[in-house]
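The values are calculated or read from the model by the stated rules, or taken from the named source; none is laboratory data. These figures come from a predicted structure and were not determined experimentally. Neighbour counts are summed over all protein chains in view; Cβ atoms, including those assigned to glycine, are modelled from backbone coordinates with ideal geometry. Surface areas here come from the heavy atoms of the whole protein model, side chains and all, with no ligands, DNA or RNA. Shrake-Rupley method; radii C 1.70, N 1.55, O 1.52, S 1.80 Å.
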Amino acid sequence: MDVSRTIKIFAAQENISVAELVRRFAKYSGKEYSTQSFSNRLRNGTVHYNEVEQIAKMLGYKIKFEKNEDK
């Protein structure tokens, strides 16, 4: 699953739109983001890892890496 879809799923689980997510994220991060430009970055897969991490934290999630024991 790509990061864009994951972010949209988590936003939906929190009952907020992508536009609202962007507004909250801008306030949370202290940076300016327009809904259109951030949506474009989600679609193009150009969102930075630290932004994804901050969005997850803002929504009450954390990113966790686990070793794949199958390899």
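For the stretch 7-21, the set of residues classified as under 9 Å from the mean Cα position of the chain (by Cα), without any contact (Cβ under 8 Å) to a residue 40 or more places away in the chain and open to solvent by less than 80 Å² (accessible area, probe 1.4 Å) consists of Leu21 only.
Condition first: in a loop (DSSP other than H, G, I, E, B) and either under 19 Å from Ser4 (Cβ atoms) or open to solvent by 80 Å² or more (accessible area, probe 1.4 Å) (or both). Now tell me which residues in the stretch 35-67 satisfy that.
Within the stretch 35-67, the first condition is being in a loop (DSSP other than H, G, I, E, B), and the residues that meet it are 45-48, 60-67.
Gly45, Thr46, Val47, His48, Tyr61, Lys62, Ile63, Lys64, Phe65, Glu66, Lys67 - these are the residues of the stretch 35-67 that are in a loop (DSSP other than H, G, I, E, B) and either under 19 Å from Ser4 (Cβ atoms) or open to solvent by 80 Å² or more (accessible area, probe 1.4 Å) (or both).
Glu32: of a type outside the set (Val, Ile, Thr), part of a helix (DSSP H, G or I) and either open to solvent by 100 Å² or more (accessible area, probe 1.4 Å) or modelled with pLDDT of 90 or more (or both), yes or no? So Glu32 fails the test. Every listed requirement among (1) modelled with pLDDT under 90; (2) at negative phi is met by Gly45 save one, (2).
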